[in-house]
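For reference, the structure is listed below as C-alpha cells.
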Amino acid sequence: MQVVFAACACISILAIFLICIFLFANGLPGMAKIGFGKFLGGTVWRPANNLYGILPMIVASIEVTIGALIIGIVIGVLTAIFLAFFCPKKLYAVLKPGINLLAGIPSVVYGFFGLMVVVPMIRNTAGGAGLSMLAACIILGIMILPTIITMSETALRAVPTSYYEGSLGLGATHERSIFRVVVPAAKSGIFAGIILGVGRAIGETMAVIMIAGNQAVMPHSLFAGVRTMTANIVLEMGYATDLHRQALIATAVVLFVFILIINICFSILKNKGDHH
C-alpha cells in the first residue's frame, strides 16, 4: 500500500515538473526575442505591431487580486469566527451547506451574476459602462469566500479548548478569549486559506473576462475596464501564432512565477508566526 501512496505522490510531482518544463521551454525564448525589459515593463500590448508589453496586465492582476482579498478576507474570516463560536446550531445547519454550495458554483455563473447584477449596479451608481475593475474585485471577493471560510473555520476548531478555557480562567470575556487567544493560535490555518484564496483570485479567468472590460491599458480607476494576465491569454490564444503565441505562453510564465512568489512570501510569514 505504501508503494501506491508513493506512486501517487510521484505522479503529482511529475505533473508539476512537466508543467514547469513546458512553460519555461516555450515562454522564455519568446520573452528573450521581445526583450525582458520590453516584455515586463512595456505598457503597450499590440500584437499587430509586434508590441508585447504586459505591464498593464500585471498591474491589473495585482490590483484586482488585492481588491478581492480586501473583500474576501474581512468577510471570510469574520464569517468563520461566527460559524465556529457564535452561530446557533439551527442557523449553522442552514449557513454551512449554503457556503459549501457557493464553492461548487461554476465560475461562469458568477460571471453571469456579475454581468446582470453587479455591472448594472456600478453603471447606475458611478456611470460609465460598469464593466470595470470594481466589478471584478466584488465577484472575485465572493468567489474566494468559501475557501477562506472553510479553511479558517477548520483552523479555529482545531485550536485546543484548553487555550480558550485558560483565557476564561484568567478573567477574559468570551469575545476577548476568541479574538486575542484562539484566532492568533489559528493564524497558520487562516493564512493557508488566504493563500488558496489568492491562488483562485489571480487564476480566475471566465468570470473576469465577462465583467472586467478587457481593456489592455494601464488601470487608472476602479471604474475603468482592465485586462488581467489570465484573460489576456484566453482571449488571444485561439488565433495567436509564432511570436504572439510565445508571448502569451511567456505571460503564463510570469503568472506562474507570480503565484510562486506569493506562496513563498506567505510561507515565510507563516514560519515566522509559528516561531514567535
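The values are calculated or read from the model by the stated rules, or taken from the named source; none is laboratory data. For clarity, every value in this text was computed on a predicted model and none was experimentally measured. All Cβ positions, glycine included, derive from the backbone under ideal geometry; neighbour counts span all protein chains shown. For the accessible areas, the whole protein counts, side chains as well, though only heavy atoms, and no ligand, DNA or RNA atoms are used. Shrake-Rupley method; radii C 1.70, N 1.55, O 1.52, S 1.80 Å.
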*Of all residues in the stretch 52-89, which are among the small types (Gly, Ala, Ser), open to solvent by 10 Å² or more (accessible area, probe 1.4 Å) and within 19 Å of the chain's Cα centre (by Cα)?*
67
*Considering only residues that are closer than 22 Å to residue 128 by Cα and in contact with a strand residue (DSSP E or B) (Cβ under 8 Å, 6 or more places away or on another chain), look in the stretch 218-239 and name the one that is modelled with the lowest pLDDT.*
219
*Among residues of the stretch 77-109, those that are farther than 19 Å from residue 203 by Cα and in a helix (DSSP H, G or I), counted*: 23
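Report whether or not residue 135 is more than 30 Å from residue 177 (Cβ to Cβ) and surrounded by fewer than 20 Cβ atoms within 10 Å (Cβ to Cβ). Working first, answer last.
Details: more than 30 Å from residue 177 (Cβ to Cβ): yes; surrounded by fewer than 20 Cβ atoms within 10 Å (Cβ to Cβ): no.
When the stated conditions are applied, residue 135 does not pass them.
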*Could you give every pair whose Cβ atoms fall below 9 Å, whose first residue belongs to the stretch 121-132 and is under 17 Å from residue 226 (Cβ atoms), and whose second residue is basic (Lys, Arg) and open to solvent by less than 100 Å² (accessible area, probe 1.4 Å), counting only separations of at least 6 or pairs across chains?*
none
_Unmet criterion (only one of (1) under 27 Å from residue 237 (Cβ atoms); (2) small (Gly, Ala, Ser); (3) open to solvent by 30 Å² or more (accessible area, probe 1.4 Å); (4) assigned to a helix (DSSP H, G or I)) for residue 129_ = (4)
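Conditions tested, residue by residue: (1) closer than 10 Å to residue 250 by Cα; (2) surrounded by fewer than 11 Cβ atoms within 10 Å (Cβ to Cβ).
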{"site": "9", "(1), (2)": "no, yes"}
{"site": "20", "(1), (2)": "no, no"}
{"site": "23", "(1), (2)": "yes, no"}
{"site": "28", "(1), (2)": "yes, no"}
{"site": "38", "(1), (2)": "no, no"}
{"site": "43", "(1), (2)": "no, no"}
{"site": "47", "(1), (2)": "no, no"}
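Please verify whether residue 212 is of a type in the set (A, V, I, L, M), closer than 30 Å to residue 79 by Cβ and open to solvent by less than 20 Å² (accessible area, probe 1.4 Å), treating the condition exactly as stated.
yes
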*For the stretch 143-180, which residues satisfy the criterion of being part of a loop (DSSP other than H, G, I, E, B) and open to solvent by less than 70 Å² (accessible area, probe 1.4 Å)?*
144, 159, 160, 171, 172
